[in-house]
Amino acid sequence: PPHGEVILQAREVTRRFGGLVANNAMSLEVRAGEILALIGPNGAGKSTMFNQLSGVDTPTSGEILFRGRAIAGLGARRIAALGMSRTFQHVKVLSRMSVLENVALGAHRRGQRGVLSAAWRLERAEEARLLRDAAAQVERVGLGEVMHDEAGSLALGQQRLLEIARALCSDPCLLLLDEPAAGLRLKEKQALAALLTRLRAEGMAVLLVEHDMDFVMGLVDRVVVMEFGQKIAEGLPEDIQSNPAVLEAYLGG
Ligand code: ADP
Ligand code: MG
């Protein structure tokens with residue numbers, strides 16, 4: 001999609017869990033080539049929003065449009081096939097397998113398998129293609145040197161990059177990252193920020209949930225702030241940092 005085009009739009013999304021309103025008429029937009037942060041105190045409803053956007057969960061009411069298509073309730077697999085890919089709050093790697101194998105497995109689960117792939121030759125060809133694609137993504141996130149190491153031997157920051165490489169295998173135009181900087185050392189955060197900046201320059205859109213304000217404010221183009229399931233502010237990082245409602249939400253929480 002062209003730079004600046006709205007690719008994801010949530011319109012008045014509401015999610016109830018029994019009597020609890022986890023998301024209350026939430027609206028937000030993500031544009032091609034921007035990094036948008038979704039922030040807010042614990043329990044604000046950020047993960048709930050993420051789960052609905054990525055198809056893991058379905059809104060009680062409201063609409064979600066991705067590249068012009070209504071996707072609410074479509075399911076994670078079909079939404080991923082449309083070009084949206086996500087990582088989860090907790091790292092999930094197979095620690096005894098190599099970095100490359102971890103990424104290739106992720107690519108495989110996303111891949112469409114046709115009837116013909118049952119034939120042995122095509123399976124081998126498909127395997128070779130998967131490994132080639134996975135290796136390219138491992139290089140892309142800067143893990144080329146540890147490609148054949150066991151994933152469990154990597155530092156947390158590198159495991160996060162591995163997960164991003166896995167998410168990139170489906171060739172998304174939008175990446176959803178749930179707390180990608182959590183628990184990382186300064187150097188690891190810098191490597192992550194550099195990667196996201198590179199992806200943005202290639203036209204990727206990134207939506208991230210993040211608690212680390214230094215990381216967010218130095219990196220993102222726009223910020224959406226949630227509290228008690230609702231959007232309480234939206235704007236440029238420098239404006240958000242001095243917004244009274246935002247300061248109140250964090251200090252009063
Ligand atoms: P955040 O990610 O901003 O910390 P969440 O979206 O995880 O917030 O949670 C928002 C609110 O919704 C919380 O009060 C949480 O307890 C509640 N909640 C989230 N998921 C569920 C669920 N599956 N069932 C019941 N309540 C939930
Ligand atoms: Mg959360």
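Values in this text are rule-based calculations from the coordinates and carry no lab data. This is a predicted model, so every value here is computed, not measured. As a convention, Cβ positions derive from the backbone with ideal geometry for all residues, glycine included, and neighbour counts pool all protein chains shown.
A compact table of results
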| quantity | calculated |
| --- | --- |
| Top-ranked residue of segment 38-59 - restricted to ones that are of a type in the set (Val, Ile, Thr) and more than 8 Å from ligand 1 (Cβ to nearest atom), ranked as farthest from the chain's Cα centre (by Cα) | THR58 |
| Segment 160-171 - residue that is of a type outside the set (D, E, K, R) and surrounded by 21 or more Cβ atoms within 10 Å (Cβ to Cβ) and, of those, farthest from VAL220 (Cα to Cα) | CYS169 |
| When residues of segment 21-46 are limited to those that are assigned to a strand (DSSP E or B) and small (Gly, Ala, Ser), the one surrounded by the most Cβ atoms within 10 Å (Cβ to Cβ) | ALA37 |
| Qualifying residue in segment 229-238 (condition: at negative phi, among the β-branched types (Val, Ile, Thr) and more than 16 Å from ligand 1 (Cβ to nearest atom)) | no |
| Contacts under 6 angstrom Cβ, first residue in segment 9-23 being touching a residue at least 24 places away in the same chain (Cβ under 8 Å) and of a type in the set (Ser, Thr, Tyr), partner crowded, with 16+ Cβ neighbours inside 10 Å and in a strand (DSSP E or B), 6 or more apart | THR14/ASN23; THR14/ASN24; THR14/GLY62 |
| Residues of segment 74-97 classified as among the β-branched types (Val, Ile, Thr) and assigned to a helix (DSSP H, G or I), total | 1 |
| All positions within segment 51-73 that are outside any strand (DSSP E or B), closer than 25 Å to PRO2 by Cβ and of a type in the set (A, V, I, L, M, F, W, C) | LEU53, ILE71, ALA72 |
| Search result, residues across segment 152-196 that are charged (D, E, K, R) and part of a helix (DSSP H, G or I) | ARG160, GLU163, ARG166, LYS187, GLU188, LYS189 |
| Residues located in segment 122-150, provided they are surrounded by 14 or more Cβ atoms within 10 Å (Cβ to Cβ) and not in a helix (DSSP H, G or I) | VAL141, GLY142, LEU143, MET147, ASP149, GLU150 |
| Residues of segment 197-213 satisfying the condition of being surrounded by fewer than 21 Cβ atoms within 10 Å (Cβ to Cβ) and more than 16 Å from ligand 1 (Cβ to nearest atom) | THR197, ARG198, LEU199, ARG200, ALA201, GLU202, GLY203, MET204 |
